1. State all residues of region 153-206 that are surrounded by fewer than 16 Cβ atoms within 10 Å (Cβ to Cβ) and within 16 Å of ligand 2 (Cβ to nearest atom); if no residue qualifies, say none.
2. When the residues of region 171-211 are narrowed to those that are assigned to a loop (DSSP other than H, G, I, E, B), closer than 15 Å to Ala148 by Cα and of a type in the set (A, V, I, L, M), which ends up farthest from the chain's Cα centre (by Cα)?
3. Give me the pairs, please: first residue somewhere in region 92-117 and under 23 Å from Thr132 (Cβ atoms), second residue anywhere and more than 16 Å from ligand 2 (Cβ to nearest atom) and of a type in the set (Ser, Thr, Tyr), beta-carbon distance under 6 Å, and either six or more positions apart or on two chains.
4. Name the residue, out of Gln27, Gln65, that is under 20 Å from the mean Cα position of the chain (by Cα), farther than 23 Å from Val254 by Cβ and surrounded by fewer than 16 Cβ atoms within 10 Å (Cβ to Cβ).
5. Within region 222-230, can one find any residue that is surrounded by fewer than 24 Cβ atoms within 10 Å (Cβ to Cβ), under 26 Å from Val272 (Cβ atoms) and within 18 Å of the chain's Cα centre (by Cα)?
6. When you scan region 216-231, how many residues do you find that are away from ligand 1 (no atom under 15 Å from the Cβ) and not in a helix (DSSP H, G or I)?
7. Could you list all residues from region 259-277 that are surrounded by 23 or more Cβ atoms within 10 Å (Cβ to Cβ) and of a type outside the set (A, V, I, L, M)?
8. Among the listed residues Thr24, Thr72, which satisfies the condition of being within 21 Å of Asn275 (Cα to Cα) and polar (S, T, N, Q)?
Amino acid sequence: IVNNNWLIGLPKAELHLHIEGTLTPEQQFELAKRNGITLAYDSAQSLRAAYEFDDLSAFLALYYQGMDVLITQDDFYDLAMAYFERAAADGVRHADISFDPQAHLARGVALDTCFDGLLTAMRDARAQFDVTSALIMSFMRDRDADEALEVLEDAAPWYGEIAAIGLDSAEVGNPPEKFREVFARACELGLPRVAHAGEEGGPDYVTGALDILDVCRIDHGVRAMEDADLVDRLRDSQMPLTVCPLSNVYLKGVARLEDHNLPDMIAAGLNVNINSDDPAYFGGGMVNNFLACVAAFDWDQATCRTIAGNGLREAFMSDARRETLL
Ligand code: ES4
Ligand code: ZN
C-alpha cells in the first residue's frame, strides 16, 4: 500500500470539472427517490455496471440521462456540496466548476434554479471546506449556436458570477467556427472564454478554438500533439491545457494511461495541468488522477508539485487566494 498523504496534502486546483459529472450512482438514486423519478436501473450497483463507454458519445448519452434527476435548486446545491466535500478530502483547494445550462433548460429546469443552487453551494463550500471555486457556464456544441446565444443573453443577471464561458459535449462535427458569434458576444461582454478542443477532434479544432473563439484555456488539447507548429504555438504562448488523464482512458482516447501523450506534452514545454473531468464516471477525483499518472509515468513528487502548481497558477481565483496556495 502506497502512502498518499503527501499527495492529499499537496494543494491542488481542479480546472476542468463538469459538476453534472460528479453525480454518483448513489446520489442519482437518492435524488430520483426524492423527486419521484423511476430510474431504468434497479440499483446503484447495476447503474455503475453500465458505465462502460466505447467513446465520448456513448458516455454523453448516459451522462445526460443521469442528470434527469436534477430538478430543484436543492438538487444542484446537494450535488455541488457532495462534490466539494469529496474534493476537499482530496486536497483540492480550488475548483473551476462548469455546468451545462442547456441540458437543464431542455428538461424544463430554469436557469435561476441552476445558478441559485450552484452559487449557494460555492459560497458554503468556502466556509465549510475551505474550497474556493469559480463558475464556468458551458455551451453544448452539438446544439444550435442560436440557442447558446439566447442562453448567454438570458444569463445576464449572473454575468458577475460567471468566471468564463465554455464549450463542451460532442466535439467531432461541431467545430469551433460554429460558435464564432457566441464567443464574440461573450468577449464583448468581458467574459473570459475556454473550450474543449482536441479531445476527440483533431488539432484543427485546437487551432480554431485559439483563432476563432479566442480562448484563454484549452480543455483537453491532447490531439494538438499531432501538429508540430501548433505545439510550438502552445508552448510559446504557454496556453494552459486542462488534461484529464483518466477521462481519456475511460473514453478510449488511449488504450492504457501508459499510452497517453501527457509525458510528451510536458517534455514539449506545454503548460499542462491535470483534472478529473467527470469523476463519478471516470475512476475518481484528483488524487486518483495523480496516482494513476505516478503509476503510469513514474512521476516523482517534484513532477506532481509542478503539475499541481500549473493548475493553481491558471485557475480562475484571486491573486490573494493563489498566494496562500502556491
Ligand atoms: C465531457 Cl469528457 C467530456 N467531453 C466533452 N463534453 C463533456 N461534458 C461532460 N464531459
Ligand atoms: Zn470535459
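1. Answer for region 153-206, where residues must be surrounded by fewer than 16 Cβ atoms within 10 Å (Cβ to Cβ) and within 16 Å of ligand 2 (Cβ to nearest atom): just Val172.
2. The residue in question is Leu189.
3. So the pair list comes out as His94/Thr132; Ala95/Ser133; Ile97/Ser133; Gly117/Tyr77.
4. Selected residue: Gln65, the only one of Gln27, Gln65 that is under 20 Å from the mean Cα position of the chain (by Cα), farther than 23 Å from Val254 by Cβ and surrounded by fewer than 16 Cβ atoms within 10 Å (Cβ to Cβ).
5. yes
6. 2
7. Asn273, Asn275, Ser276, Asp277
8. Unique residue meeting the criteria: Thr24.
Only the coordinates and a few stated rules stand behind these numbers; no lab work does. Fair warning: this is a prediction, and the values are worked out from it, not measured in the lab. Note that each Cβ is placed from the backbone with ideal geometry, even for glycine, and that neighbours are counted across all protein chains shown.
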